[in-house]
Amino acid sequence: MTRQPADRLVAPPGVWSDESLAGIARLVREFHDLTAGTPFAEDEETRCHNDLTPNNTVFADTGNGTYRPVAFIDWDDSTPGPRIHDVADICWTYPSARFAPDRPEPRAMGRLMRLMCDAYGLADCSELITTILDRHDGTWRGIADLADAGHPGYQLLRELGAVESGRADHEWTTTHRAELERALRDG
């Protein structure tokens with residue numbers, strides 16, 4: 001078996017339907033609301049998962065060609081934080097997986113980001129792209145730093161191309177920032 005990053009794995013098409021993407025956003029909102037104001041959030045807005053990706057999502061087959069997200073796994077990176085961190089992560093990782101291995105047309109990506117923000121209930125999306133860029137930057141740099149420090153899991157991620165992929169995601173988002181923000185604003 002050849003190892004490959006999860007964003008290059010093939011999933012049934014129904015996993016990436018608009019309905020499923022909206023369900024992911026609603027599920028994130030549900031756990032954010034459940035942890036806000038509790039000891040889990042400490043002095044922050046809520047508890048953030050910090051690694052919301054398709055490979056950390058459990059989907060249930062609805063029987064009609066679509067899949068409903070029902071749970072998130074791999075909570076070891078969770079920390080107290082602002083809601084926008086997880087919203088930015090889902091607005092990038094899940095729509096990107098829909099188009100993988102290709103890059104989406106920016107307007108299509110922006111439409112899916114807006115769909116997820118609306119399903120989450122995030123009325124103000126003005127900081128979304130900035131947060132996505134910050135998260136891209138922090139992720140690829142964090143992987144590179146931990147790999148350099150000798151952490152085997154992060155060395156594997158680097159070998160699988162996660163650092164280059166993260167840099168490319170940052171570059172693509174920077175290049176198409178205006179188009180993405182316009183799509184978010186205009187719906």
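The values are calculated or read from the model by the stated rules, or taken from the named source; none is laboratory data. On a predicted model such as this, the values are computed, not experimentally measured, just so you know. Every residue, glycine among them, receives a Cβ derived from its backbone with ideal geometry; neighbour counts consider all protein chains shown.
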- Message: Quick test of your reading of the structure: PHE31 fulfils all but one of (1) in contact with a strand residue (DSSP E or B) (Cβ under 8 Å, 6 or more places away or on another chain); (2) at pLDDT 95 or above; (3) loosely packed, with under 14 Cβ neighbours inside 10 Å; (4) among the hydrophobic types (A, V, I, L, M, F, W, C). Name the failing condition by number.
- Response: (3)
- Message: Go through segment 110-119 and report how many residues are of a type outside the set (A, V, I, L, M, F, W, C) and surrounded by fewer than 20 Cβ atoms within 10 Å (Cβ to Cβ).
- Response: 2
- Query: Which one of these is surrounded by fewer than 17 Cβ atoms within 10 Å (Cβ to Cβ), part of a helix (DSSP H, G or I), touching a residue at least 40 places away in the same chain (Cβ under 8 Å) and out of contact with any Ser or Thr (no Cβ under 8 Å at 6 or more places or on another chain): ARG185, ARG141?
  - Reply: ARG185
- Hits in segment 58-75 (condition: of a type outside the set (Ser, Thr, Tyr), part of a loop (DSSP other than H, G, I, E, B) and at pLDDT below 95): GLY63, ASN64, GLY65
- Query: Looking at this structure, is PHE72 hydrophobic (A, V, I, L, M, F, W, C), surrounded by fewer than 16 Cβ atoms within 10 Å (Cβ to Cβ) and out of contact with any Lys or Arg (no Cβ under 8 Å at 6 or more places or on another chain)?
  - Reply: no
- Note on the structure: Of the residues in segment 8-45 that are without any contact (Cβ under 8 Å) to a residue 40 or more places away in the chain and polar (S, T, N, Q), the one that is nearest to LEU112 (Cα to Cα) is THR35
- Would you point out the residue of segment 110-143, among those that are of a type in the set (A, V, I, L, M) and touching a Leu at 6+ places or on another chain (Cβ under 7 Å), that is nearest to GLY166 (Cα to Cα)? ILE143
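Rundown of residues vs (1) in contact (Cβ under 8 Å) with a residue 12 or more places away in the chain; (2) of a type in the set (Val, Ile, Thr); (3) touching a His at 6+ places or on another chain (Cβ under 7 Å), yes/no style:
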site: ARG111; (1), (2), (3): yes, no, no
site: ASP124; (1), (2), (3): no, no, no
site: ASP137; (1), (2), (3): yes, no, yes
site: HIS151; (1), (2), (3): no, no, no
- Task: May I ask you to list the residues in segment 95-109 that are in contact (Cβ under 8 Å) with a residue 40 or more places away in the chain and not basic (Lys, Arg)?
- Result: PRO95, SER96, ALA97, ALA100, PRO101, PRO106, MET109
- Going through (1) of a type in the set (S, T, N, Q); (2) in a helix (DSSP H, G or I); (3) out of contact with any helix residue (DSSP H, G or I) (no Cβ under 7 Å at 6 or more places or on another chain) one by one, SER126 fails only at (2)
- Task: Have a look at THR57, THR93 and point out the one that is among the hydroxyl-bearing types (Ser, Thr, Tyr), buried (at least 20 other Cβ atoms within 10 Å of the Cβ), within 24 Å of ALA41 (Cα to Cα) and touching a strand residue (DSSP E or B) at 6+ places or on another chain (Cβ under 6 Å).
- Result: THR57
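What do you reckon, is ARG107 surrounded by fewer than 17 Cβ atoms within 10 Å (Cβ to Cβ) and within 20 Å of GLY166 (Cα to Cα)? Steps first, please.
Details: surrounded by fewer than 17 Cβ atoms within 10 Å (Cβ to Cβ): yes; within 20 Å of GLY166 (Cα to Cα): no.
Taking the combined requirement at face value, the residue does not satisfy it.
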- Failed item, numbered, when ASP169 is tested on (1) over 15 Å from the mean Cα position of the chain (by Cα); (2) of a type outside the set (Val, Ile, Thr); (3) part of a helix (DSSP H, G or I); (4) within 21 Å of ASN55 (Cα to Cα): (1)
